[in-house]
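Asks: The structure that follows is given in the form of structure tokens.
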Amino acid sequence: MLNLSKEKLVEMYRLMVKIRLFEEKVFELYAQNLVPGTIHLYTGQEAVAVGVCSALRKDDYITSTHRGHGHCIAKGADVKRVMAEILGKKTGYCKGKGGSMHIADFSIGMLGATAVVGAGIPIAAGAGLSIKLRGTDQVVACFFGDGASNQGTFHEGINMAAIWSLPVIFVCENNLYAMGTRQSMVMRIENIADRAAAYGIPGVVVDGNDVLAVYEATSKAAERARKGEGPTLIECKTYRHRGHSRVDPAKYRPREEVEAWLAKDPIKRFREKLLGLNVLTEAEIQQIDREVAAEIEEAVRYAMESPYPAPEEALEDVYA
Amino acid sequence: MRRITYREALREALREEMRRDPTVFLLGEDIGRYWGGAFKVTEGLAEEFGDERVRDTPISESAIIGVAVGAAITGMRPVAEIMFGDLTALAMDQIANQAAKLRYMFGGQVKVPLVIRTPFGGGVNIAAHHSQCLEAWFMHVPGLYVAVPSTPYDAKGLLKSAIRGNNPVIFCEHKLLYPFEGEVPEEDYTIPFGVADVKREGEDVTVVATLYMVHKALKAAETLAKEGISVEVVDPRTLTPLDKKTIVNSVKKTGRLVVVSEDCKTAGVTAEIAAIVAEEAIDYLDAPIRRVAEPDTPIPFSPPLEQYVIPDEKAIIRAVKEIA
């Protein structure tokens, strides 16, 4: 299986479970009115973040979106500090200034989540240009959704990365809906990856609920990027298990469609695969699930016990 | 001291900073070896530093700034050129929501050392899409600095500070100033942000002016001096941060204030400065504050129309006399 070590496969499984349990916990806290503002949960799309980030090095970069908790965790962020940020605490990654939609951890190459749809695309290209000018062999993975692919920044940013052969992997997480707007209402094509042809770069469609398929596509794109051959557009077909944001019961999605996608749950599939290939036993899987659950509980405890920032800290960090 | 143009001063600042620091690079439309910039500021730089560091871009203002932001947060010091100030509108999300806010949103984790050079201003009959002064837009965005150099000396010193600094800077140039000559020393120097320059000392009326209006204000002051009115001309040089102290101290001395700017009057540069003085020095005012700014219209094309809306020396003289 892609010559991945057992250790690596287990780590990928662990990360996927970590994202799932983290998001379910955020939802639970929200239901208890403990989360200020809004939330955009990553539940259902875990194979994308984990497949992509597992194929990257620690010094590679990612850019993220409003639906970004999964990207942070997959890149190696500390769930305690992610949870603290979501609760608006001083110990959060952004000292409570960013919240759910703006988490960043520059120490692990997580260049931050922007909540303007599509805005991260040129920024990722810029990080790619920086890599090229500095002469390192890092790459950038840029996460965005199907909705972002209709923004002008998609065209401008990917074109610029393409003409300059920048080391960027554009990862379109196509979960079929931009808020409540179904893809077919806003584009004539089925595969967003087809748009890559317009920029003269490879466009790849992958099963975004298959973490190994995502890993493989990303590895190829990263190799290409490190060799100076330029960007790739990877479209991951996936589905969010919950609504767009916390106010959304997602009634615009047909029941049969939801059920079909729930049956393709990326964690369930990966678990079955690992069991089938005797990488893990049922007991080992339960052990991992328990350990992750304990880690999430600890993150919640840490976040809940952490203090809020002092009000006047609102005036800090405007300028360097 | 030697005299060079505003354009040459800017080019010298870019050249010297690029020689000094390999992380400094330029990007923008037609700035490279084939054109040298629409106003020729970057002419000759691609020949010295190569096409990688003097980078021609597609006509994609939003991505020019977005790419510059991405480079700035990963160790580079980009200087982006937007060919005309009006076109910053195309890049506004990247400027106002990304460049300006990333540091704050991310809790101070990152610096955004980015300079956006762009020419503002009318007077060359190129109508509404190439002539407006939009400094006030950027004053309204916390996280941005706004520089408004009026002389070659200020242009070079402020641009060097902008490039060496760690914050996003909207570096406002003025089209009519590019050929303007002034004294600039040979040796390296910088001008700190937030330090106004008293371009002419006077006793009776304070005139605060920026960019090309500084020169109109100086001419007006010369004329008024012959009529016995002593005008002090204060050039803030940067609007963010704004040197309130120098402005307020000048008003405390003269007791009278005229604020001049080439942007439109409503919610503009003059409004902000007038409000500050009203808040902080109203007891020192012996007369109402006067503002000389553009009427609230787009910039028209035909010469008599354009001349009508852009403040001139006569309008400044009139405003000073109203309160002197």
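The values are calculated or read from the model by the stated rules, or taken from the named source; none is laboratory data. This is a predicted model, so every value here is computed, not measured. Note that we place each Cβ from the backbone using ideal geometry, even for glycine, and neighbour counts take in every protein chain shown. With ligands, DNA and RNA removed, areas are computed over all heavy atoms of the protein, side chains included. Shrake-Rupley method; radii C 1.70, N 1.55, O 1.52, S 1.80 Å.
Asks: Applying the Karplus parametrisation 6.51 cos²θ - 1.76 cosθ + 1.60 with θ = phi - 60° to the phi angles of segment A:232-238, what ³J(HN,Hα) value in whole Hz is obtained for each residue in order, glycine and proline being reported as x?
Replies: 10, 9, 10, 9, 9, 7, 8
Asks: Treating cross-link reach as a plain straight distance, find the lysines whose alpha-carbon is under 20 Å from the alpha-carbon of B:K156, omitting any fewer than eight places away in the same chain.
Replies: Cross-link targets: B:K40, B:K175, B:K199.
Asks: Okay, next question. I need the per residue convex hull volume for segment B:197-323, using only the alpha carbons, in cubic angstrom as a whole number. Show your work: numbers first, answer last.
Replies: Numbers: hull volume 12.3 nm³, N = 127.
Looking at segment B:197-323, the number lands at 97 Å³ per residue.
Asks: Please list 3J(HN,Hα) in residue order for segment B:232-239, calculated via the Karplus relation 6.51 cos²θ - 1.76 cosθ + 1.60 where θ = phi - 60°; whole Hz, with x for glycine and proline.
Replies: Karplus values, whole Hz, x for Gly and Pro: 9, 9, 10, 10, x, 6, 10, 8.
Asks: If you don't mind, there's one more thing I want to ask. Rounded to the nearest 5, what % of DSSP beta bridges with both residues in segment B:197-323 are antiparallel?
Replies: 20
Asks: If the cut-off is 14 Å between C-alpha atoms, which aspartates and glutamates fall inside it for A:K227, apart from same-chain ones fewer than 8 positions away?
Replies: By straight Cα distance, A:K227 reaches A:D137.
Asks: For chain B, restrict the atom set to alpha-carbon positions and state the Rg and Dmax in Å.
Replies: Both quantities, over Cα of chain B: 19.3, 58 Å.
Asks: For the protein assembly as shown, with all protein chains present and a 1.4 Å probe, just round the carbon and sulfur fraction of the accessible area to a whole percent.
Replies: Carbon plus sulfur share of accessible area: 52 percent.
Asks: Which value in nm describes the separation of the simple spin-label points at B:R318 and A:A293, placed 7 Å from the Cα toward the beta carbon?
Replies: In this crude spin-label approximation the distance works out to 8.0 nm.
Asks: Suppose R0 equals 45 Å. What FRET efficiency, 1/(1 + (r/R0)^6) with r the Cβ-Cβ distance, do A:V318 and A:N278 give to the nearest 0.05?
Replies: E(calc), rounded to 0.05, equals 0.20.
Asks: Give the Rg/Rh ratio for segment B:3-183, taking Rg as the radius of gyration of the Cα atoms and Rh as the Kirkwood radius, to two decimals.
Replies: Here the Rg-to-Rh quotient is 0.93.
Asks: Okay, next question. Which of the aspartates and glutamates could a cross-linker bridge to B:K226, judged by Cα under 18 Å and excluding same-chain residues fewer than eight apart?
Replies: Within the straight-line limit of under 18 Å, B:K226 reaches these aspartates and glutamates: B:E201, B:E203, B:D204, B:E313, B:E322.
Asks: Putting +1 on Lys and Arg Cβ atoms and -1 on Asp and Glu Cβ atoms, find which of B:M92, B:G28, B:G107 reaches farthest to the positive end of the dipole of segment B:25-125.
Replies: Towards the positive end, the residue furthest out is B:G107.
Asks: Of the DSSP beta bridges with both residues in the protein assembly as shown, give the percent that are antiparallel, rounding to the nearest 5.
Replies: Here the antiparallel bridges make up roughly 15 percent for the protein assembly as shown.
Asks: Could you tell me the largest-minus-smallest coordinate of the C-alpha atoms of the protein assembly as shown on each of the three principal axes, in descending order and whole angstroms?
Replies: 97, 53, 46
Asks: Greater than 31 Å separation of Cα atoms is the criterion. Which listed pairs, A:K89/B:K160; A:K58/B:K101; A:K75/B:K111; A:K6/A:K251; A:K25/A:K237; A:K90/B:K265, meet it? If you can, show how the numbers build up before the last one.
Replies: Numbers: A:K89/B:K160 38 Å; A:K58/B:K101 26 Å; A:K75/B:K111 21 Å; A:K6/A:K251 41 Å; A:K25/A:K237 25 Å; A:K90/B:K265 42 Å.
Cα-Cα > 31 Å for A:K89/B:K160; A:K6/A:K251; A:K90/B:K265; rest within.
Asks: Separate question: Taking every residue in B:73-81, how many Cβ atoms of other protein chains lie within 10 Å of its Cβ, on average?
Replies: Average per residue, whole number: 5.
Asks: Treating the beta-carbon of each Lys and Arg as +1 and of each Asp and Glu as -1, no other charges, what is the dipole magnitude of the protein assembly as shown about its Cα centre, to the nearest 20 debye?
Replies: Dipole magnitude for the protein assembly as shown comes out near 780 debye.
Asks: Taking the Cβ of A:L4 as the centre, find all other residues whose Cβ is under 13 Å away and add up their charges (Lys, Arg: +1; Asp, Glu: -1).
Replies: With Lys, Arg at +1 and Asp, Glu at -1, the neighbours total 0.
Asks: So which chymotrypsin sites (Phe, Trp or Tyr not before Pro) in segment B:1-40 pass both tests, a DSSP loop state and at most 11 other Cβ atoms within 10 Å of the Cβ?
Replies: B:Y34
Asks: Right, another one. Write down the Kirkwood hydrodynamic radius of segment B:147-238, to one decimal in angstroms, obtained as one divided by the mean of 1/r over all alpha carbon pairs.
Replies: Numbers: mean 1/r = 0.0719 Å⁻¹.
Result for segment B:147-238 stands at 13.9 Å.
Asks: Moving on. Which of the GluC sites (Glu not before Pro) found in segment B:130-233 are in a DSSP loop and have at most 10 neighbouring Cβ atoms, other than their own, within 10 Å?
Replies: Within segment B:130-233, the qualifying GluC sites (Glu not before Pro) (loop, at most 10 other Cβ atoms within 10 Å) are B:E186, B:E187, B:E227.
Asks: With springs only between Cα atoms under 10 Å, which of A:A197, A:A49, A:A310 fluctuates most in a Gaussian network model of chain A?
Replies: Result for chain A, Cα springs under 10 Å: A:A310 fluctuates most.
Asks: Could you give the nm distance between label points at B:E47 and B:E279, where each point is 7 Å from its Cα heading toward the beta carbon?
Replies: 5.0
Asks: In square nanometres and to one decimal, what's the mean projected area of the convex hull around the Cα atoms of segment A:180-320?
Replies: 15.0
Asks: If you take each beta carbon of peptide B:91-97 and count the beta carbons of other chains within 10 angstrom, what is the mean? Mind showing how you got there, number by number?
Replies: Working: counts 2, 0, 8, 8, 0, 0, 4.
Taking the mean over all residues of the peptide, I get 3.
Asks: Now, a different point. Take every residue in peptide A:86-97, count the Cβ atoms of other chains within 10 Å of its Cβ, and give the average of those counts.
Replies: Counting Cβ atoms of other protein chains within 10 Å of each residue's Cβ and averaging gives 2.
Asks: Could you list which residues have their amide H under 5 Å from that of A:I62, counting only those 5 or more apart in sequence or on another chain, with H placed in the peptide plane?
Replies: Correct list: A:M110, A:L111, A:A141.
Asks: Starting with the highest mean, order B:45-53, B:238-246 by the number of other Cβ atoms within 10 Å, averaged over the residues of each peptide. Don't skip to the end; give the middle numbers.
Replies: Details: B:45-53: 15.6, B:238-246: 20.1.
The packing order, highest mean first, is B:238-246, B:45-53.
Asks: Could you tell me the relative contact order of chain B? Use alpha-carbon pairs under 8 Å, at least six residues apart, and round to a whole percent.
Replies: 16
Asks: Of A:K80, A:K251, A:K132, which is the most mobile in a GNM of chain A whose springs link Cα atoms less than 10 angstrom apart?
Replies: A:K251
Asks: If I take every Cα pair under 8 Å that is 6 or more residues apart in segment B:1-73, average their sequence separation and divide by the length, what percent do I get for the relative contact order?
Replies: 27
Asks: If you don't mind, there's one more thing I want to ask. Expressed as an acute angle from 0 to 90° and rounded to the nearest 10, what is the orientation of the C-alpha long axis of helix B:6-20 relative to the principal long axis of chain B?
Replies: Once rounded, one gets 40 degrees.
Asks: If you project the alpha carbons of chain A onto the principal axes, what extent comes out on each, in Å, largest first?
Replies: Dimensions of chain A along the principal axes of its Cα atoms: 54, 51, 40 Å.
Asks: Let me check against my output: what whole-number percent is the relative contact order of chain A, with C-alpha pairs under 8 Å and at least 6 apart?
Replies: It rounds to 22 percent for chain A.
Asks: Just the number, please: percent antiparallel of the DSSP beta bridges in segment A:6-306, rounded to the nearest 5.
Replies: Numbers: 3 of 25 bridges.
That works out to approximately 10 percent antiparallel.
Asks: Rounding to the nearest 20 debye, state how big the charge dipole of chain A is about its Cα centre with +1 on each Lys and Arg Cβ and -1 on each Asp and Glu Cβ.
Replies: Roughly 300 debye, rounded to the nearest 20.
Asks: Rounded to the nearest 100 Å², what is the sum over both chains of accessible area buried where B meets A, with a probe of 1.4 Å?
Replies: So the total buried area for this chain pair works out to about 3200 Å².
Asks: Could you give the dipole magnitude of chain B about its Cα centre, charging the beta-carbon of Lys and Arg +1 and that of Asp and Glu -1, in debye to the nearest 20?
Replies: My answer is approximately 380 debye.
Asks: So, one more: What number comes out for accessible area per residue over segment B:3-183 if the probe is 1.4 Å? Units Å², please.
Replies: 30
Asks: Give me, ordered by chain and number, the residues 5 or more places off B:V24 or on other chains with an amide H under 5 Å from its own placed amide H.
Replies: Placed amide hydrogens put B:R77 under 5 Å from B:V24.
Asks: Same structure, new question: Which residue fluctuates most in the GNM of chain A (Cα springs below 10 Å): A:Y30, A:Y93, A:Y215?
Replies: Result: A:Y30 has the largest fluctuation of those listed.
Asks: So, one more: Name the residues whose placed amide hydrogens come within less than 5 Å of the amide hydrogen of B:V234, ignoring near sequence neighbours (fewer than 5 apart) on the same chain.
Replies: B:K199, B:V207, B:V208, B:A209
Asks: Further, regarding this structure: Short version: ³J(HN,Hα) in whole Hz for each residue of segment A:135-146, in order, from phi by Karplus 6.51 cos²θ - 1.76 cosθ + 1.60 (θ = phi - 60°), x for Gly and Pro, what are they?
Replies: Working through the residues one at a time gives x, 8, 10, 6, 10, 10, 10, 10, 8, 7, x, 4 Hz.
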